[in-house]
Amino acid sequence: MNLKLSRRALLGRAMTLTAAAALPTLRATPVHAANDAFARLDATAQAALVRNGDVSAVELVDAAISRIEALDGTLNAVTTELFERAREQARGPLPEGPFTGVPYLIKDLHDLAGTRNTMGARLFADNVSTADEPYVTRTLDSGVVVVGKSNTPEFGLLGTTESLLLGACRNPWNPAYTPGGSSGGAAAAVAAGMVPFAHATDGGGSIRIPAACCGLFGLKPSRGRLDAGRRPDIDISVQHCVSRSVRDSATLFAAAEYVGADADLPPVGRVERPSECRLRIALDTSNLFGEAPHPDVEIALQHAAKLCADLGHQVEETGPNIDGAAFVHHFISVWASFPAEPIAAAKAQGLEREDVLEPWTLALAQEFERRGPDALPAAARNFDAMARVLDAFFQRYDVLLTPVLKAPPVRIGAQAPTMDYDSLYAAVTDWVSYTPLHNATGTPAMSVPLGWSRDGLPIGVQFAAAHGAERTLFELAYELEAAAPWSDRWPDLAAGTA
């Protein structure tokens, strides 16, 4: 059985270590104002300006760089600046795609040729990617111009973004709080208007969690939707983006969708509008342990359910019948297997593991060792069983509505990677107890920014559908966006307009 996970496949490659002086520099001190005429336009609108000849790609890129320089000293969302590279690329020629000339960020967990890829780890602080990942290549083909790499926790192993190497990324709605993770830098940057959308990945909720924490839209595609070729037996991670508008996400989805002869799923194409079909929506408030969410999350969820009912959808309180505690045990087995390769890399380089890897990473590895050789095969069997349960459930319901997180965004440090293992394990599995099921089963799910906490922090609600049913989710998202718009809600710590 091939048990290497796609999200971590990059860890098995030979690492090219180069002196830091030869790499793009880390964050600069803010020097420019954050206001410009493009700051609050989504990517589709920015691309239209370039396509119509109203502005140049260089103007869009320069404006985004100024916003990053103004805001990132506080937020720490952009951890590697690629400004001069981006300016050179913006001068053209650029690929002709739906987002030609639009500034973009790639998560610092994935390969962009010739740039630092730290994966949030001191072990790989000087690692340079020698090639683009296939999905990154398809994203670049849409015409985006990459202005930097975005912050991530070490190896994407937490739902917050505060690694020892890259430092804490902060939520623009309140910098004392996390923007979520593991795509925290991407979400913070988009929520603050640095860029209109950004690359994100999701192995346990890492698109949906930061989207929920930052008031953004984030859809996790189905397993196999954006991938090509043979994948590992246990395959939980996918790539896409976080965005302010549904149309940006839907358009990039169509542009990057794998449509080769060996594609697992028939193509969805570009979804552009709501459907007139009314849906059967199951409302499930309980998390994987059968527990109720925080009262603010409960209120947000009930408001979302009422909105769906007011729009004519049939909403029923019910949920799939699963043994959540057993599932969490097996999911953690998979999660705990991720550090094996970086630990081997540290050993091969003669490095002390504690000097280059975080306590959470090392403790997960120890947990995996304790569980023994049958842990991953047992997890694979459990995931297959859970997929069958959801397959049957989605024969009766079109959509499952749940929270994204059990509680609103947590404060920086509340789930830091330096905490003792038992405390952090309890905190993580409690807070992140709605999203992992859809990674294990491969079903698509999205976070929609429909709620707010009493402290003024965003709360996302999660809609999931059957494997391959992204069209259903995008059409519903367009309808929700029109009925309860969020595009005019911006944090105080965000770029404005001139």
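The values are calculated or read from the model by the stated rules, or taken from the named source; none is laboratory data. For clarity, every value in this text was computed on a predicted model and none was experimentally measured. When we count neighbours, we look across all protein chains shown, and the Cβ atoms used for this are built from the backbone with ideal geometry, even at glycine.
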Of all residues in the stretch 207-227 being in contact with a Lys or Arg (Cβ under 9 Å, 6 or more places away or on another chain) and over 16 Å from Pro458 (Cα atoms), the one that is modelled with the lowest pLDDT: Leu226
Going through the stretch 47-78 in order, the residues found to be surrounded by fewer than 20 Cβ atoms within 10 Å (Cβ to Cβ) and more than 16 Å from Gly148 (Cα to Cα) are Ala48, Leu49, Arg51, Asn52, Gly53, Asp54, Val55, Ser56, Glu59, Thr74
Residues of the stretch 42-80 being under 18 Å from Leu140 (Cβ atoms) and either charged (D, E, K, R) or in a helix (DSSP H, G or I) (or both), which ones? Ala43, Thr44, Gln46, Ala47, Val50, Arg51, Ala57, Val58, Leu60, Val61, Ala64
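Would you check if Trp486 is aromatic (Phe, Trp, Tyr), under 23 Å from Pro295 (Cβ atoms) and surrounded by fewer than 21 Cβ atoms within 10 Å (Cβ to Cβ)?
Details: aromatic (Phe, Trp, Tyr): yes; under 23 Å from Pro295 (Cβ atoms): yes; surrounded by fewer than 21 Cβ atoms within 10 Å (Cβ to Cβ): yes.
Considered against the rule, which asks whether it is aromatic (Phe, Trp, Tyr), under 23 Å from Pro295 (Cβ atoms) and surrounded by fewer than 21 Cβ atoms within 10 Å (Cβ to Cβ), Trp486 comes out as yes.
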Exclusive hit being at pLDDT below 95, among the charged types (D, E, K, R), crowded, with 16+ Cβ neighbours inside 10 Å and out of contact with any Cys (no Cβ under 8 Å at 6 or more places or on another chain), set Glu341, Glu367, Glu354: Glu341
State yes or no: is Ala427 part of a loop (DSSP other than H, G, I, E, B), within 27 Å of Asp455 (Cα to Cα) and either without any contact (Cβ under 8 Å) to a residue 60 or more places away in the chain or among the aliphatic types (A, V, I, L, M) (or both)? no
Within the stretch 93-119, which residues are in contact (Cβ under 8 Å) with a residue 60 or more places away in the chain, within 15 Å of Ser150 (Cα to Cα) and not hydrophobic (A, V, I, L, M, F, W, C)? Pro103, Tyr104, Lys107, Asp108, His110, Asp111, Thr115, Arg116, Asn117
Given the conditions (1) more than 14 Å from Ala340 (Cα to Cα); (2) surrounded by 14 or more Cβ atoms within 10 Å (Cβ to Cβ), every one holds for Arg396 apart from (2)
Only one of these is small (Gly, Ala, Ser), assigned to a helix (DSSP H, G or I), farther than 29 Å from Ala77 by Cα and in contact (Cβ under 8 Å) with a residue 12 or more places away in the chain: Ala326, Ala250, Ala282, Ala255. Name it. Ala326
Quickly run through the stretch 129-180 and pick out the residues that are among the basic types (Lys, Arg) and either surrounded by fewer than 20 Cβ atoms within 10 Å (Cβ to Cβ) or out of contact with any strand residue (DSSP E or B) (no Cβ under 9 Å at 6 or more places or on another chain) (or both). Arg138
Quick check: anything in the stretch 423-433 within 26 Å of Leu307 (Cβ to Cβ), of a type outside the set (S, T, N, Q) and out of contact with any Pro (no Cβ under 8 Å at 6 or more places or on another chain)? yes
Does the stretch 312-323 contain at least one residue that is crowded, with 17+ Cβ neighbours inside 10 Å, within 26 Å of the chain's Cα centre (by Cα) and part of a helix (DSSP H, G or I)? no
Single unsatisfied condition, Arg8 versus (1) under 19 Å from His199 (Cβ atoms); (2) modelled with pLDDT under 95; (3) out of contact with any Pro (no Cβ under 9 Å at 6 or more places or on another chain): (3)
Would you please name the residue that is surrounded by the fewest Cβ atoms within 10 Å (Cβ to Cβ), looking only at residues in the stretch 181-212 that are closer than 19 Å to Trp360 by Cβ and touching a Pro at 6+ places or on another chain (Cβ under 8 Å)? Gly204
When you look at Ser249, is it surrounded by fewer than 24 Cβ atoms within 10 Å (Cβ to Cβ), among the polar types (S, T, N, Q) and under 23 Å from Pro98 (Cα atoms), yes or no? no
Could you tell me which numbered condition Ala464 fails, if it satisfies all but one of (1) buried (at least 24 other Cβ atoms within 10 Å of the Cβ); (2) in contact with a helix residue (DSSP H, G or I) (Cβ under 6 Å, 6 or more places away or on another chain); (3) part of a loop (DSSP other than H, G, I, E, B); (4) not charged (D, E, K, R)? (3)
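Each row is one residue, and each column tells you yes or no for (1) surrounded by 20 or more Cβ atoms within 10 Å (Cβ to Cβ); (2) aliphatic (A, V, I, L, M); (3) under 18 Å from the mean Cα position of the chain (by Cα).
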position: Leu401; (1), (2), (3): yes, yes, no
position: Gly413; (1), (2), (3): no, no, no
position: Asp422; (1), (2), (3): no, no, no
position: Trp431; (1), (2), (3): yes, no, yes
Looking at this structure, is Asp488 free of Cβ contacts under 8 Å to residues at least 40 places away in the same chain and either over 29 Å from Glu154 (Cβ atoms) or aliphatic (A, V, I, L, M) (or both)? yes
Against the condition modelled with pLDDT of 90 or more and under 21 Å from Ser487 (Cβ atoms), how does Ala63 come out, does it pass? yes
When you scan the stretch 140-224 for strands (runs of 3 or more DSSP E) that lie fully inside it, which ones turn up with 3 or more residues that are touching a residue at least 40 places away in the same chain (Cβ under 8 Å) and in contact with a Leu (Cβ under 7 Å, 6 or more places away or on another chain)? 145-150, 197-202
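Would you mind stating whether Gln302 is in a strand (DSSP E or B), of a type outside the set (A, V, I, L, M, F, W, C) and more than 17 Å from Leu476 (Cβ to Cβ)?
no
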Going residue by residue through the stretch 385-398, is there one that turns out to be within 22 Å of Glu475 (Cα to Cα), of a type in the set (Phe, Trp, Tyr), assigned to a helix (DSSP H, G or I) and modelled with pLDDT of 95 or more? yes
